[in-house]
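First comes the structure, then the notes that go with it.
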Amino acid sequence: MVGIDDLSRRVAPVALAAERQLPLRRDLRGRLPALRRGTVVEVQGLGATSLALALAAGPSAAGAWVAAVALPSLGVVAAAETGIVLDRFVLVDPPADQAVTVVAALVDSVEVVLVGPGVVGTRDARRLAARIRERGSVVVSVAPWPDRAELRMRGVRNRWDGIGSGYGHVRSRHLVVELDGRAAAGARRSIDLVLDDSAEQRPT
Amino acid sequence: MTRSVVVWFPDWPVIAAGVAADVPAAVFHANRVVACSEAARQSGVRRGLRRREAQAGCPELVVLPLDRDTEVRAFEPVVALLEQICPRVEITRPGLVAFAARGPSRYFGGDDALSRHVLANVPGPCRVGVADDAFAAGLAARSADSAGGYLVIAPGESAAFLAPMSVDALDRPELADLLRRLGIRTLGEFAALPAPRVLARFGPEGAALHRRARGEGIRPLETRTPPVDLAVQAELDPPAERVDVAAFTAKALADRLQHELRSRALMCSGIVIEAETEHGERLERVWRHDGQLTAAGVAERVRWQLDGWLNGSAASRPTGGISLLRLVPEEIHADQGRQPAFWGGTTLADERAARGLARLQGVLGPDAVRMPVLVGGRGPGERVALVPWGDAKPATVGAPWPGAVPAPAPAVVHGEPPPADVVDAAGATVTVTGRAMVSAAPTRVRIGRGRWADIEAWAGPWPADERWWDPPAHRRRARLQIVAATGAAYLLVVEGGRWWVEATYD
């Protein structure tokens, strides 16, 4: 007998290839612009890593593979909690001189690539842009991207909930994110996000 | 469809572990019984039982872990013995071998005489089955009387022999489940279905199983000979002394073979693995697989074969390292495609990722590409184990650990924690007492040599007194969550009076 949760875990839609966009996690839909295939997203400022993980969680739950390059201090438990499926998550630590080739190879193989700081230079970024567009992957850079990223996010203000003076514990954060870039519908704007809310995000 | 002899060692994993048949013992994997000895079976232990259930029925049960390498190693001498009877022995897995019956049968004077000869000369409890094809012969071996028995199915009688067997004998649990729900319980009923309908409903794999149930065996080889030699080989320089070094090359070789076959729309269900040492010693084995051999399956079999050879008895062990590996595909037939499973299974994205990651590993080395596994622990760094991609993963621990810092976990975990200073209102360093209470409320924090920041909120401490029973490994730590006025939140840990930043809630 196959349990319902077993079934839901095994049903992985194969139809992602046809879509021009990768799905966002449910609580972020409508608040953040959709991830367009073949683009680069730059995430900086407060809460950059958590935001990048939250962006990758949507596609991962829908069956995409996520690779993290040059992010040796990435919190894997946090990744699992935001909704990234660990069965389809790899961490790659290349030596500095091969980092760009590795990113290019990963752009060919997986749908979402999280890139850490100091990996890609300006010239490499332009060459990669063509490859990213052709392959239809999404690169989320947790560091300044040398080229113009189609979507740029910056966490500017942060408020933590659930923790007081000697009681409680870190529960959720209210993050104010500034959006910029072509994919942000042109205009600059700020949105208020609630992240790390364990009750909503934890996979059932 | 060649008349085949199958020699089957029931409970080979238990025999390989060196346990006598009258001792109740069972081999467990993932907490379930994989094989058990005869004595254990009489006490009610069955395959698939959970460990608790097995031990409840048989309290003196000897528990053994699954050890594929020992199984393979222990099986090598048996294969060597069988090779004296028939030069070409095909191994399906440790404990199950098959070989063509025609030559040896004529030599020994009949199938019965051949079976008796095998039983007399091969040590250990085994059963022999002879039939028109390997599948029926395997089932015949299973149906033979207990140890020391053999069963010969006369030519042409396979269909009649297979008819009363349950559909579970096909070894495809999902298909068997589906067939049962459709009302088909025996192989005879399955065989009675018209072949074109089976092909339409179940695809080429189902059609192959249907042929098997009818006693027709695997489709005979294509009469055309492959135009090009599809063997692949690799030279190892320097020669590999250890199995894992050779196995890593074998993985790349298997991928190449897979690519060669795929580009010609071919599949193989058997493979000859040849290994040669620098001193000229050779070991050649034929491996057969039930369905289709994937690259990973081939690499695994190379590993088994080399393990059995390099780590075997002193008499058969080679004197040098492995310098040449050769893979020759056998039983090549046209690739009729594989029906992707309706529920989950491997998707196109999975295959694309697998190919790309395997290639990356080939370039950077196996440790460069790793997959995370959640294991037990208190700190966010301890809860993760990184395993090279493609390796077997350790069992995930799902249950929460007492004393762990509650969710959500921090997004950045520092591999080398930077030092920190935490002081109270009076300027003294904050400590955590043995009773897990802070000496005073922390008011200011400084990371490394940065600027002092006021603490807006804090929580904890979460004490962790680990391995107090093991003096060298004993660690006493406590963790605090700190929110600084800058808006950043940290997970600080104190040990021996000094503070470190274990993680940042970035």
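The values are calculated or read from the model by the stated rules, or taken from the named source; none is laboratory data. Fair warning: this is a prediction, and the values are worked out from it, not measured in the lab. Because the Cβ atoms are built from the backbone with ideal geometry, glycine has one as well, and the counts that use them run over all protein chains shown. SASA here: full protein model, heavy atoms, side chains in, ligands and nucleic acids out. Shrake-Rupley method; radii C 1.70, N 1.55, O 1.52, S 1.80 Å.
Summary table below
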read-out	value
CD proxy at 222 nm, helix term only [per DSSP H run n ≥ 4: -39500 (n - 2.57); per residue of chain B; nearest 500]	-9500 deg cm²/dmol
Net charge of neighbours whose Cβ lies under 13 Å from the Cβ of B:Ala478, counting Lys and Arg as +1 and Asp and Glu as -1	+3
Chain-alone versus full-assembly comparison, the range A:39-77, residues with accessible loss of at least 40 Å² (1.4 Å probe)	A:Thr49, A:Trp65, A:Ser73, A:Val76, A:Val77
Overall Cα dimensions of the protein assembly as shown - principal axes, largest extent first, Å	98, 59, 58
Of B:Leu364, B:Ala295, B:Ser439, farthest towards positive along the dipole that unit charges on Lys, Arg, Asp, Glu beta carbons give chain B	B:Ser439
Estimated inter-spin distance, B:Arg317 and A:Ser190, nm [label 7 Å along Cα→Cβ]	7.2
Crossing angle, helix B:348-364 versus chain B [Cα axis fit, 0-90 degrees, rounded to tens]	70
Per-residue SASA entry for A:Asp93, accessible area with 1.4 Å probe, Å² rounded to 10	70
Accessible area expressed per residue, the range A:42-168, with surrounding protein chains retained (probe 1.4 Å, Å²)	35
Dipole axis of the range B:92-160 (+1 Lys, Arg; -1 Asp, Glu on Cβ), positive-most option in B:Asn121, B:Ala131, B:Gly109	B:Asn121
Share, in percent, of DSSP beta bridges within the protein assembly as shown that are antiparallel, nearest 5	75
Nonlocal amide H pairs with A:Arg157, under 5 Å, H built at 1.01 Å	A:Val176
B:Glu260/B:Thr486 FRET efficiency (R0 45 Å; Cβ-Cβ; nearest 0.05)	0.15
Carbon + sulfur, % of accessible area of the protein assembly as shown - ligands and nucleic acids excluded, 1.4 Å	52
Karplus-derived 3J(HN,Hα), 6.51/-1.76/1.60, for each residue of the range B:155-166, Hz, glycine and proline x	x, x, 8, 4, 4, 5, 5, 6, 3, x, 6, 6
Alpha carbon convex hull of the range B:1-87, projected area averaged over orientations, nm²	7.0
0 to 90° range, to nearest 10: angle between helix B:243-263 axis and chain B longest Cα axis	60
Rounded to the nearest 20 debye, dipole of the range B:414-504 from Cβ charges on Lys, Arg, Asp, Glu	120
Whole-number percent relative contact order across the range B:55-129, with pairs defined as alpha carbons under 8 Å at least 6 apart	20
Mean accessible surface per residue for chain B, computed with a 1.4 Å probe while every protein chain stays in place, in Å²	50
Buried solvent-accessible surface, both chains (B, A), 1.4 Å probe, Å² to nearest 100	4000
Debye, to nearest 20: dipole size of chain B, +1 on Lys, Arg Cβ, -1 on Asp, Glu Cβ	1080
Mean-position separation - Cα centroids, the range B:32-60 and the range B:235-258, in angstrom	39
Nearest 10 degrees, 0 to 90: helix B:134-143 Cα axis against chain B principal axis	80
